[in-house]
Every structure is written in C-alpha cells, then in structure tokens.
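Data first, discussion second: the structure below is written as structure tokens.
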Amino acid sequence: MKRAIELAKENANSTNGGPFGAVIVKDGKIIGEGFNSVTTNNDPTAHAEINAIRDACKNLNSYQLDDCELYASSEPCPMCLGAIYWARVKKIYYACSLEEAKNHNFDDIFIYNEFAKPKEKRLIPSEQIVQKEGMEIFKYWANNKKKINY
C-alpha cells in the first residue's frame, strides 16, 4: 500500500491526472504499478488501477492476474472494479473510500447509482438495435476453432 500511496502523492503534484496510485502484488512482490494519467493521455480509461493491471499483465505475459492482490490509494470506481473482476484479482485493498473521494470532486458513487437504475431511467440513454446482426458475431465466435476462452 505504501507504494500505491507514493504513486498517488507524486501524481497529486503533477499534471498527469488525478491523485491516484495502484500496484498489483503477487507472492509479496510488486508486478505492476500505475497512476492516473487521464489528462496526460487524453484517455478517460487511464485510471491508476487500469494502468496497474495493464502493466502487471504485460509483465506476467497473461491476461489474467490469478493469485494477485491490488492495492489502491482509493476505492476503485465502477470501471476499474469491472476490470479487476475481469483480471481475476483475488483481493482489493484501498486507502480512501468512495465517500472520501466524493468530498474531493471524484464522484464514483454517482456512476454506481446510475448502474442500479433501470436502463430507461439512466442519464445516458441506451437502445438495442440490429440485434440479429449482432448475434451473428457470437455464432462466428462459437465456430472459431482457434479461439481462446476466457
């Protein structure tokens, strides 16, 4: 956690993005780290946790982080939490809560609340179209003998 906090502190004094840092640990060793680089990269997905996951996956040459732990300076947002689940991280540790982040203008609770609403009541509307064509892609996938299931 100390390294995640160091990364967050360094970033808080930069123009890279928000005051967030994260590390991925396996067998007691840091195998990936990241800090928020949203504004530097003009990439709204460049959160500390996402960058740490990308770094760890590259270093392990794997798309899964089985038996790894994530240490973050703040409780993960919904996007990062989704990525953490997809990566199969076994445990998350964080320093600041969602409520504490909200007090500093990082309102991830808003997005968690949006996900809990029915689609038709969310701020950003969504609509299913060309369902038949979309389902064809799954048929191609099902028949792909070279696919890697994950």
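The values are calculated or read from the model by the stated rules, or taken from the named source; none is laboratory data. Treat the numbers as computed from the prediction; the structure is a model and nothing was measured. Virtual Cβ from ideal backbone geometry, glycine too; neighbours counted across all protein chains shown.
Summary of values
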{"item": "Which listed residue, of Ala56, Ala72, Ala83, Ala52, is part of a helix (DSSP H, G or I) and within 21 Å of Phe110 (Cβ to Cβ)", "result": "Ala83"}
{"item": "Residue in the stretch 29-37 that is crowded, with 18+ Cβ neighbours inside 10 Å and modelled with pLDDT under 95 present", "result": "no"}
{"item": "Neighbours by Cβ (under 6 Å, 6+ apart or cross-chain): first from the stretch 51-77, more than 19 Å from Arg3 (Cα to Cα); second of a type in the set (Asp, Glu) and assigned to a helix (DSSP H, G or I)", "result": "Cys77/Asp108"}
{"item": "Some residue of the stretch 79-96 being under 23 Å from Glu6 (Cα atoms), buried (at least 18 other Cβ atoms within 10 Å of the Cβ) and either among the hydroxyl-bearing types (Ser, Thr, Tyr) or modelled with pLDDT under 95 (or both)", "result": "yes"}
